[in-house]
Amino acid sequence: MIQQTSSRLRLRSRPFSLLPFSAVFAFALCVAVLAFTAAARAGQLVLLPRDGPGLGTVSAYGGVTPAFAPGEAGRDTIVVPASGKNEVNLVWTFWSHRQPTSDQWPAGQNARTTFTLQSETDATLHPRLLVRTGEWSAPVPGPPIVLKAGQPAAVELALPETLSPGPVQTLRIIFASREPVPALTVTDWSAGNTGDATAAPGAETAASVSASSPAPARAAAPAGAGDVYKPLRPLFPLTGEGTVSSYGGTSPIPEKDAAGQDVLRVPETGKNEVNLVWTFYRHRQPPSAQWPSGPAARARLTLTSASAVTLRPRLLVRAAGEWTAVIPGEPVDLAAGQPATIELALPSTLPEGPVENLRIILAASRNIPELIVTEWSVGEAVAIALYPPGDDNARTQNPVNVAGRTAPGVPVAIEALGPDGVRVAQWTVTSGDDGRFAIAVDRAALPAGPLTLRATTAGPPASPAASAAGGRAENGGVHTDAVPFYLYPLINNGDTLPVVVHEGRHLLVDGKPWAFLGLNYTRFLLEFSLCTNYQLVAEEMRTYGAWGLTALRVPLHLGMFQPAPGVFPDDPDYAGIIKSHKLDPEFFRLFDYLVAVAGHYGIRIVIDWHEMPTDPYRYFVGGNNHDKGTGKPGTGIAWLYDPATKKAAEPGDPRFNQAIADTNRWLARHYRGNGNILGFEAPYNEPHSLTDSADLAWRRLTADSILPIVTEDPTRLTFGMAPAWGHSNVLPSATWMLPDHLTGVAPHHYLGNGPIAIRPDARSRKEPWLARDVVATFDHAFFAVSLPHSAAPWPVWNGESGEHGYRSFLPELSHRDASSLMIEAQLVQAYAAGWTGSLGWTLTGNPSVYRPVADLYETIYRRFAPVYAAGPLDQNRARVLFVQNPAAVPVANGLNHACVPFARLALDLHLAPVHYMTDDQLLGTGLVQMAVGLEQVEQIATGLAYKAAIVDTRNLDARALELLRSSKIPLLVVDDATRLAADELASFLEKSGMEIDRRTPPGLQLIEGPGHLLVYRRSGEGAARVYPRLTVDGSFRLIGEDGGIAFAGTAATLAQKGIAIDLPAWRTAIFRIARQETDAGGPST
C-alpha cells in the first residue's frame, strides 16, 4: 500500500547505490564512498525519487512537458522530451501544502541543487537557475554541462544565496544549447547545502559530481493482500452510479469474463500510458463531504496484466469543476496473469461540491499490455474491516462467506443487525496470522433484506494508516467496523406460485376466486437496460411483498428481448448485439431473477410490451434523445425503423406483427407453466394509431399476438389492451365480444379521465383531458367507466391508475394530498366494479414523481391489500340490468357517456352490483335462434336472470326492446335516461319485488366483498348512518381498522339498525367481516 506522508515538509537522507564489484577491496572502497555520500546529503530536500506523493511535481513550461516515468530497475525519473528547441525548461512545483519556507530552503554560498542527467546524444548545455517565492529570483548561471550519449552525469548548480520572504513555490532550471536540446533523463534531484559532495561511482563528472540510486519498484500485492482497507464507495463492478469513460486514447470496456464475472478490459493501445477515468452520472455525483478524505483516504484497484510490466500510477480527482493536483504513487511490478492490488492515496481534501471524476494514470517505460480490472473502489485505511462478498456470490451461494481483516491473532465479535438495530445473529472468530478472518452466513437462518454487519475487536491497529484514519477506536482500544450487507432471499428456482386460471368472470387460485393489487414496475423499461441491479430488484420485491402487493405489471421494450430479427436471449449473438448498443447484456438474466424473486414474495408478473424497436433515439435502448431532429443517425435498437425513409413499421405491417408474435412465442416457451407469470397483455401498451384502433383491426392484431402464446403455453392468461390509449369501453371486441383465446381485458382508466365534462380551466392545464369536474369525478366517474364491462363474462382489471395527472386534475392540492385521494379512490372503485385487480402507474424510484408519495402508496396499499386478497366482489350477484345504445349520447375520448345517468342512479339507490349491456350485447348474448322445425327457427330470450330491467330507447335496436319484453322480466322503458329520477326507479324496483335501501345517504357507497365491507364517501361529508344489506349467513362481526367491533349480529339486524359512519369526503372505512366461527382478531372466512 502506498503511504501518504505527513503534511509537514519531510527531510531525509539521500538513498545510495551499490556497485556490483566482487573484490573485497573494491567492496570496501564502495562502502566508504557511500558512507561519505550519505553524510554529505544529510538534511537535504529530496525532490526525486519521491516518497509517496513527494514534495511536488514536475510542470510543463515553454512548450515542453516533462513527465515522470520509471527508468531502469524502476528508478524514479523525469523525462524531458526532445522538442526541437534550443532551450528547454525543467520546472519543479511544490505541492501547496508542502512548500518549504525560506528558512527551510538552502541558503548561503554553499546552497546547491544536485541531480543526475543523461542525454540521448552528445550535448553541451548551458544552465541557468531561478527560484520563485512569490516572485522569481534573478537567474543564476551555471557552468557548461558536457554530456556523452547514454552516460549519466552528476550536475550541481548553485542556488540563489538569498530569497525574498515566503514559501518556496517553484524551482526552474533552463538548459540552452547551440543545437536543439536532445531528450534528457533526470534522476536523484535534491537541494541542500552540499558544496563538498563527491560523485557517486558510475556517474561521470559534468559541472560537479553527485549521484545516487532511486528506490526500486515494489511488487504489487496479490489480490486481497495489503493493509486493512475498507471500501466506502464501490465503482466497479458497476453499481449504477456512473461509468468508465474513454480518455487520452484509452477506452476501457466493461464485459463478462469466461466465468461470467464483470470485468473491465483495458485494451493494449501501443502507448506507454493509459487512463482509467471514472465518471459519475450527474444525478448520482456524491458531494465531497461523502467522499473519502483525510490521510487514510485511498483508491484501490485489482487488476491483471497480460504480461509482466512495471507501472507508475498517478491519481487526481475532479470535484466542483476543478481537478486536484496529481498525486503520484509508487511504481508497481505486475507479474503476467497474476491478479494484483494497487492502492493509491486520494487527495486529503477536495473543493466543496459534487465529485465528478476519478482519474488514474498508469505509465510505464514501454507499451502497456492489456489490463483486466476486476474491482475498483475508494475507501480508507482502518484498524478492522469487513468485506462483504460480491453481488453474484451473495445472491447465488449459501452459506455466504463474509471476510474481514484486522491485527493478527485477535478475537473478533461479529453481529448482524436488522434495519431496526436489533441483533439477529452473532459470531465469534479469531483472526489468523495475516489478520484475516471469515464467517459463513446461512441465508436460510436469517431474514432476507438489508442488514448491518458489525465487527468488534480489542486488538491494536493493523497499520499506521489505520491509526491515521481516526474515528474507529473506542474506549479501551476497541475497534469496530460496520458495513451494510444485503441478505438475498434463498430461492428454489424450481418452485413457483400456483398457476392462475380463469372461470367465467373470475381468476382462480387453488379453486378460489382471486383478486390482485399491485403497481407498474418501470425500471426494466427505463433503467435496467443500461445498468442492471439485482439488489435493488430483490429489495423492492421484498418491500412490495410486505405492502401486500400480489402483482406487478412490467413495462418492457420488445427490443431488449429481440434486439435483432430472430435473435433472443438464448442466441449466442444476443449479448454481442446488446453490448454493441452500449446496453447491459445482463438484462435478461435480471428479468429472469425478477420473475423468481417476485414469486418468492407472492407477486406475479404481467408482461407489457410498452415500446417497440421503432425509435433509434430512445436512450434506454442505446439511442440519444438529443440527436433526434439533428440529422445524426440514431444508435438505439430500432430494427423496425428504416433510416432511409425515416419511417418505422406500423401496426398491421407484417414485420411489426411478426416481431410481437415471435417474441411472445419465445417468452411463452421460456416461462411455460411458471406460475410466477400472471399473463401477457395483448397486443401491446395503449394502441392508438389509425391502423390498430378500428374494432376489426384491433381484434385481428390482438388475436395474432395471442396465438403464439397459447400455442406454447395453453394455460397462460392473456389480457386485451383496449384501443384509444387503453381506455375505450365502446368497442365490442374490447368489452363484451373478445377475440379468441383472450382471457379478459385490462383497460387503463385514470380517475381524472372519465365520462365527465372538462372544467373551464382545462386548456391552461398540462393535460387538459384530465382537468374534469372534480366533484362529479369522485362521485360517479369510475363507476360509469366500469359499467360497459359489468356484464362481460370474463375478468377485467385496471392496468394503470394512481396519482398520474394530479396537477391537472387537482391543481389546488399538493402532490401528496392529491395523490392520497386519487390512489384511494381508484382502488375502491376498481374493487366496487367487481374488477379482479388494480395496478397503479408511477415511475418507480423517480425522485420527483414516486419517492415523495411512496409512503402514501405503502399506507394505502397495506389497507386495501387484505380486501383484494380475500377475493373480488361477485359481480354475478347483479339483479338489475340497464340496456342502452351507446350512441344515445355521442362517444367522446373513446368513452361511453350515455351510461352516466344509470351509474348515478345505481349508486344513489345502492343497487350495486348491477349489469349494463348495449343493445348489440344484449342481442349477441341473450337472443337465440332456435330450430322449431325443418329449416324453421324462432327467436327466444335466454340467460337473462334479472329481477328487473331498465331500457333507454334512444337509438335503440328495436329487436332489443322486443327481446326484453319477451323475456318476462319486469321492464321499465324510458325514452331518455337523463330524465329518470331516483324515486321513480326505486318505486319500479320495489314493485318488481326488490328491497331498496332508501335510508343510507346517497353520498355513501356500500361495497360488499367476500371478507370485507367498504363504505366510501363519494360525496358530502360528516357523520351518518348506513344500512348495508349483506349476503352473510348467520352471526358475524364487523371489525374496524382500529380493531374495534363496529357491529355484531346478523345481516337482517345490520340492515335494520345500521352502523354509524363519520368520513371526510372521498375517504373509505374498511370493516373486516368475521363470521361467528372466527375470533374477532383472527382472519375472516
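Residues in segment 422-435 include none that are surrounded by 17 or more Cβ atoms within 10 Å (Cβ to Cβ), outside the structural domain of V228 (by TED's automatic domain parsing) and either among the basic types (K, R) or in a helix (DSSP H, G or I) (or both). When T844 is tested against the conditions (1) in a helix (DSSP H, G or I); (2) touching a helix residue (DSSP H, G or I) at 6+ places or on another chain (Cβ under 7 Å); (3) farther than 21 Å from L944 by Cβ, the lone failure is (1).
The condition of being surrounded by 15 or more Cβ atoms within 10 Å (Cβ to Cβ), hydroxyl-bearing (S, T, Y) and closer than 16 Å to H670 by Cβ holds for only one of Y641, Y601, Y617, Y593, that being Y593.
Within segment 1023-1054, the set of residues being in contact (Cβ under 8 Å) with a residue 24 or more places away in the chain, aliphatic (A, V, I, L, M) and either surrounded by fewer than 16 Cβ atoms within 10 Å (Cβ to Cβ) or closer than 15 Å to Q1005 by Cβ (or both) comprises A1023, A1024, V1026, L1030, I1045.
Within segment 817-867, the only residue that satisfies the criterion of being of a type in the set (S, T, Y), modelled with pLDDT of 95 or more and more than 20 Å from L552 (Cβ to Cβ) is S820. Among residues of segment 533-544 that are more than 9 Å from Y601 (Cα to Cα), those with a Cβ under 7 angstrom from a residue that is acidic (D, E), sequence gap 6+ or separate chain, pair up as Y534/D391; Q535/D391.
Quick one: which helices (runs of 4 or more DSSP H) sit completely within segment 515-592 and have at least 2 residues that are touching a helix residue (DSSP H, G or I) at 6+ places or on another chain (Cβ under 7 Å)?
523-526, 534-547
Tell me, yes or no, whether segment 820-828 has at least one residue that is outside any helix (DSSP H, G or I) and crowded, with 24+ Cβ neighbours inside 10 Å. Among the residues of segment 820-828, not one is outside any helix (DSSP H, G or I) and crowded, with 24+ Cβ neighbours inside 10 Å, which makes the answer no. State yes or no: is F882 assigned to a helix (DSSP H, G or I) and either of a type in the set (A, V, I, L, M, F, W, C) or at pLDDT below 90 (or both)? Judged against the criteria, F882 is not a match.
Yes/no matrix, rows are residues, columns are (1) modelled with pLDDT under 85; (2) assigned by TED's automatic domain parsing to the domain that holds P182; (3) not in a helix (DSSP H, G or I):
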{"position": "L47", "(1), (2), (3)": "no, yes, yes"}
{"position": "I78", "(1), (2), (3)": "no, yes, yes"}
{"position": "H97", "(1), (2), (3)": "yes, yes, no"}
{"position": "W105", "(1), (2), (3)": "no, yes, yes"}
{"position": "Q109", "(1), (2), (3)": "yes, yes, yes"}
{"position": "L117", "(1), (2), (3)": "no, yes, yes"}
{"position": "T121", "(1), (2), (3)": "no, yes, yes"}
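Scanning segment 978-1022 for residues that are among the polar types (S, T, N, Q) and either in contact with a helix residue (DSSP H, G or I) (Cβ under 9 Å, 6 or more places away or on another chain) or more than 18 Å from F882 (Cβ to Cβ) (or both) yields T978, T1000, Q1005, S1019. The residues on offer are G754, G799, and the sole one that is touching a Leu at 6+ places or on another chain (Cβ under 9 Å), assigned to a loop (DSSP other than H, G, I, E, B) and crowded, with 24+ Cβ neighbours inside 10 Å is G754.
In the list T302, T269, which residue meets the criterion of being closer than 18 Å to E343 by Cβ and touching a residue at least 12 places away in the same chain (Cβ under 8 Å)?
Working: T269 fails: closer than 18 Å to E343 by Cβ.
Only one candidate qualifies: T302.
Within segment 803-823, the set of residues being more than 15 Å from W1066 (Cβ to Cβ) and in contact (Cβ under 8 Å) with a residue 40 or more places away in the chain comprises H804, G805, R807, S808, P811. Only one of the numbered conditions (1) surrounded by fewer than 21 Cβ atoms within 10 Å (Cβ to Cβ); (2) in contact with a Phe, Trp or Tyr (Cβ under 6 Å, 6 or more places away or on another chain) is violated by F882, and that is (1).
Any residue at all in segment 349-371 that's among the basic types (K, R) and surrounded by fewer than 20 Cβ atoms within 10 Å (Cβ to Cβ)?
Yes; the residues of segment 349-371 include at least one that is among the basic types (K, R) and surrounded by fewer than 20 Cβ atoms within 10 Å (Cβ to Cβ).
For beta carbons closer than 6 Å, sequence separation of 6+ or different chains, a first residue in segment 132-152 that is over 18 Å from V79 (Cβ atoms) and of a type in the set (S, T, Y) and a second that is surrounded by 14 or more Cβ atoms within 10 Å (Cβ to Cβ) and at pLDDT 85 or above, the qualifying pairs are T133/L163; T133/V168; S137/L130; S137/V131; S137/P160.
With respect to being touching a strand residue (DSSP E or B) at 6+ places or on another chain (Cβ under 9 Å), of a type in the set (G, A, S), crowded, with 18+ Cβ neighbours inside 10 Å and over 25 Å from N401 (Cβ atoms), A320 falls outside the description. The set of residues from segment 74-108 being in contact (Cβ under 8 Å) with a residue 40 or more places away in the chain and over 25 Å from H126 (Cα atoms) comprises G74, R75, W95, S96, H97, R98, Q99, P100, T101, S102, Q104. In segment 279-380, counting only strands (runs of 3 or more DSSP E) that sit wholly within it, the ones holding 2 or more residues that are β-branched (V, I, T) and in the same structural domain as P234 (by TED's automatic domain parsing) span 297-305, 309-319, 340-345, 355-363. Selection of segment 688-717 for residues being part of a loop (DSSP other than H, G, I, E, B) and under 23 Å from H502 (Cβ atoms) yields D713, P714, T715, R716. Among the residues making up segment 233-275, those that are surrounded by fewer than 16 Cβ atoms within 10 Å (Cβ to Cβ) and among the aliphatic types (A, V, I, L, M) are I253, A258, A259.
The values are calculated or read from the model by the stated rules, or taken from the named source; none is laboratory data. These numbers come from a predicted model, not from an experiment. Positions of Cβ are backbone-derived with ideal geometry, glycine not excepted, and every protein chain shown enters the neighbour counts.
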